[in-house]
Structure formats: C-alpha cells, structure tokens
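Nothing in this text is a laboratory measurement; each read-out follows from the coordinates by a stated rule. Everything numeric here is computed off the predicted structure, so don't read it as measured data. Using ideal geometry, Cβ is built from the backbone for each residue, glycine included, and neighbour counts are taken over all protein chains shown.
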Amino acid sequence: MKNDLVLVTGAGGFIGGAMVADLRRQGYKRIRAVDIKPLDEWYQVFDDADNLVLDLNLKESCERAAEGAAEVYNFAANMGGMGFIENNKALCMLSVLINTHMLQAAQKYGVGKFFYSSSACVYNGEKQTDAANPGLKEEDAYPALAEDGYGWEKLFSERMCRHFSEDYGMYVRVARFHNVYGPHGTWDGGREKAPAAICRKVIEAKVSGKHEIVIWGDGTRTRSFMYIDDCIDGVQKIMNSGILEPINLGSSEMVSINQLVDIVEDIAKIKLKRIYDLDAPKGVMGRNSDNTLIKKYLGWEPDIPLRQGMEKTYAWIYDQYMLAHNQTQSAVVR
Ligand code: NAD
C-alpha cells in the first residue's frame, strides 16, 4: 500500500538508507526514516521523508517512531566489521534494547508487518572451521555457539521476534544477512567490512604510490558477499512472504579474501605486494550461504556477480576517497 506509513530504522546507515531510496523509487509516499546519528552523517537523506533523529535504545523513542506505521523495517544496530565487533561486544549486545523496544512499540501501535535484520554471525562457530564451507543451512544456528557479543544478540533477538509472533500473533519476518556490500556504506573509520576496506586500501596504494596492501589474516579465509540491490530486493520478498522462520539472505558465490583482493586489483588495474597481518581480527575460517530454503520458498536467490557489484562499490569509494583526500590537501595548502 503505497500510502501506508513505512518506518525504516537505521535509515542513516548503509542498508536502511538503501531501503528508503528503494521505497521512494517504488512510489511510497509516507516514509519515516529514523537514526541516532545527526542528519549530516546519514549516508543518504531524502527531504520528502519524515527524517527523525532518535535513540531507539529508549522505549519512548521507539513508540514515537512506530506510531501510525503500517510496516517496520528494523535495521538499527551497533554494527561493523570484525575489527569493530571483536572489540565492542557489550555495545553490540546492547542492540537488544533497540529490537526489544521496537517490537513492543510495534505491538502497542498495531503495526501490520515487522522485519528484523539478523546475521550469519548467529551460526555455530564449530560449523565454520573449514575454508571450503559448503554453505550454512538455517538449522546450523543450533546447538547455539554464535559469534561472541554481536552474534548472540542477533540470536536472542531472533527468538524475541519468534515469541512476539507466537504469543501475540504479530506478523514478523527475519532474514540472516551474509556480508552485504555496495555504495553508500561505511568505508573507513573502523566499522567498515572487508569489501570496502580492501577497496579503500587499494585506492590508498594507488594514490600514494606505495604499492603494498595489508591484509587481515593469511588471506585464505572464505566468505560470500551480497550486493546491496539483492539485499533490498530480498528483504522485501521475505517481508511479503509466508516464511515464518529466520532465513538466509546471502550470496552463495564464496571467495577467499585473497580472491577478493584479486578482484579489486583487477578493477583498479594495479598489482600490490601483500602483507599479511596475522594478529588482526579475522573471524571464522569459512562461511557461505546455503540458499536451498530461499530458492524453495521464493524461487529466487541473490545472484548479482561479485565482480559486477565490486566495480560499482570501488567507483563510489574512489570518489569518496578523492573528495576527502582533496579536502585534506587544500586544508594543508591553506
Ligand atoms: P550501519 O551501521 O550502516 O547502519 C546501522 C544504523 O543503525 C547506523 O546508522 C546507526 O547509527 C543506527 N543506530 C545504531 N544505534 C541506534 C540507536 N540506538 N537508535 C537509532 N539508530 C541507531 O549497518 P548496516 O550495514 O546498514 O546494517 C543494518 C542491519 O543489518 C543491522 O542490524 C546489521 O546488524 C544487519 N546486518 C548487516 C550486515 C552487513 O553486511 N552490512 C550483515 C549482517 C547483518
């Protein structure tokens, strides 16, 4: 219903910003976009949305956000790459306040549909010790041994969603995102994830003329990466489906970190000396998305090729980098 009020939380962030952009493209007229960050720090701001700066840890903020909404996409969380989540476990776990209060507020105001963004970090670490991971199935979250901090919070919040649905009859859908990447996301500052970090490091090497790159770990760990357009498409498909259990939303094109660096070097037309930092945060050995279930339910899976998505991501980060670089240069000259 294009005239219904849709709430997007975490709208100043990467995925939330992309969701608001997509809803507008589809013709949604009433979008409420909420984030804790000041507006000038949002990746994408649209003047025709109802943009609110609120701390959704607080129940009253969640109520302010949810009032009148027909649908809620809850993306707000304390989040980052391995470097961030390994060093901020308490902060990551505190995101439990956001989802708990959002669910309560949604229930209070009779929100029609609620989406929760979970993560592949809920999966049992013992099922991710092999770089040749065949793909994590939804059942591999149990017995529970999630990523410490961030992953446990996601698993707990998944359960909270389930019980709000079972006990109060709420319409709730949950997707477990595997690494999402693309333009308009974090690319520096410590919260960035591997695809953006590698793009930035390759650009730095190009611009500085120092042709080397520091890679976290030995480069053999594997992951899959989903382009943002597939993520946004998948979220809406899941939201409007009958899928009642948390489901994988990720690409099944698994690569090693070394292969990801190969792709970015190829895009940048450069070859760099690789320095492996074995003491840096690394995460599990191998992770991939088993898409059997999503294909069964939706007849669809994320399929934008990594190379294609990385070209767009690299181009966007290159522009951001050059903007920041030129501003620093002119400040030095002045
Ligand atoms: P992001 O950090 O870009 O966006 C999250 C946003 O939430 C930020 O803008 C942040 O300011 C906001 N936020 C944090 N605390 C808040 C609060 N108290 N009140 C209001 N806003 C608050 O991250 P993202 O990549 O867009 O991730 C969105 C969701 O998807 C998160 O729940 C994340 O855990 C999940 N997820 C993302 C990935 C990925 O690869 N990007 C993978 C798995 C799961």
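In the range 78-124 the Cα-Cα distances spread across 5 Å bins starting at 0 as 5, 17, 23, 23, 14, 11, 6, 2 percent of all pairs.
Note on residue 324 and residue 37: the model spin-label points, each 7 Å out from Cα along the C-beta direction, lie 1.1 nm apart.
Of the residues 278, 102, 318, the one whose Cα sits farthest toward the positive end of the charge dipole of the chain, with +1 on the Cβ of Lys and Arg and -1 on the Cβ of Asp and Glu, is 318.
Considering only 260, 92, 240, whose Cα is most displaced toward the positive end of the charge dipole of the chain, charges sitting on Cβ of Lys, Arg (+1) and Asp, Glu (-1)? Selected residue: 260. With both labels modelled 7 Å from their Cα along Cα-to-Cβ, the residue 139 to residue 220 distance reads 3.0 nm.
In terms of packing, defined here as the mean over residues of other Cβ atoms within 10 angstrom, the peptides 135-142, 45-52 line up highest first as 135-142, 45-52. Here the extension length gained between residue 90 and residue 279 equals 65.8 nm, from 0.36 nm per residue of separation less the Cα-Cα distance. If I fit a long axis through the Cα atoms of helix 14-26 and take the longest principal axis of the Cα atoms of the chain, what angle between them do I get, 0 to 90°, rounded to 10? That works out to roughly 60 degrees.
Dipole magnitude for the range 103-242: about 360 debye, using +1 per Lys or Arg Cβ and -1 per Asp or Glu Cβ, origin at the Cα centre.
Order the peptides 285-291, 234-240 from the highest to the lowest mean number of other Cβ atoms within 10 Å of their residues. Mind showing how you got there, number by number?
On the way: 285-291: 21.6, 234-240: 18.6.
Result, highest mean first: 285-291, 234-240.
Highest-first packing order for the peptide set 314-322, 79-87, 190-198 is 190-198, 79-87, 314-322, based on the mean count of other beta carbon atoms within 10 Å. The long axis of helix 150-168 is offset from the longest Cα principal axis of the chain by roughly 20 degrees. Return a whole-number percent for the relative contact order of the chain, with Cα pairs under 8 Å and 6 or more residues apart as the contact set. It comes to 17 percent, rounded to a whole number.
Seen against the Cα atoms of the chain and their longest principal axis, helix 228-239 is set at about 20 degrees. Electrostatic tally near residue 242: other residues with Cβ closer than 14 Å to its Cβ, Lys and Arg +1, Asp and Glu -1, net +3.
In a fully extended conformation the segment linking residue 29 and residue 48 would gain 6.0 nm over its present Cα-Cα distance, using 0.36 nm per residue. Modelled spin-label separation between residue 159 and residue 229, with each label point placed 7 Å from Cα along the Cα-to-Cβ direction: 3.9 nm. Extension gain for residue 245-residue 270 works out to 4.6 nm (0.36 nm per residue, less the C-alpha to C-alpha distance). Residues whose amide H comes within less than 5 Å of that of residue 222, counting only those at least five positions distant or on another chain, are 286, 287 (H built at 1.01 Å from N in the peptide plane). Calculate, for residue 188 and residue 129, the FRET efficiency according to 1/(1 + (r/R0)^6) with r their C-beta to C-beta distance and R0 30 Å; round to the nearest 0.05. The value I calculate is 0.45. Considering only beta bridges that DSSP places wholly inside the chain, some 10 percent are antiparallel.
Net charge dipole, the range 18-124: roughly 320 debye, given to the nearest 20, about the Cα centre with Cβ charges of +1 for Lys and Arg and -1 for Asp and Glu.
What number comes out for the charge environment of residue 39, summing +1 per Lys or Arg and -1 per Asp or Glu over other residues with Cβ under 13 Å away?
On the way: positive: 37; negative: 35, 40, 41, 47, 50.
Net charge in that neighbourhood comes out at -4.
Ignoring lysines fewer than eight residues from residue 210 along the same chain, the ones with Cα atoms less than 30 angstrom from its Cα are 193, 201, 269, 271, 273, 282, 312.
If the only charges are +1 at each Lys and Arg Cβ and -1 at each Asp and Glu Cβ, what is the size of the charge dipole of the range 295-334 around the Cα centre, to the nearest 20 debye? Can you show the working numbers first?
Working: 5 positive and 4 negative charges, 14 e Å.
It comes to approximately 60 debye.
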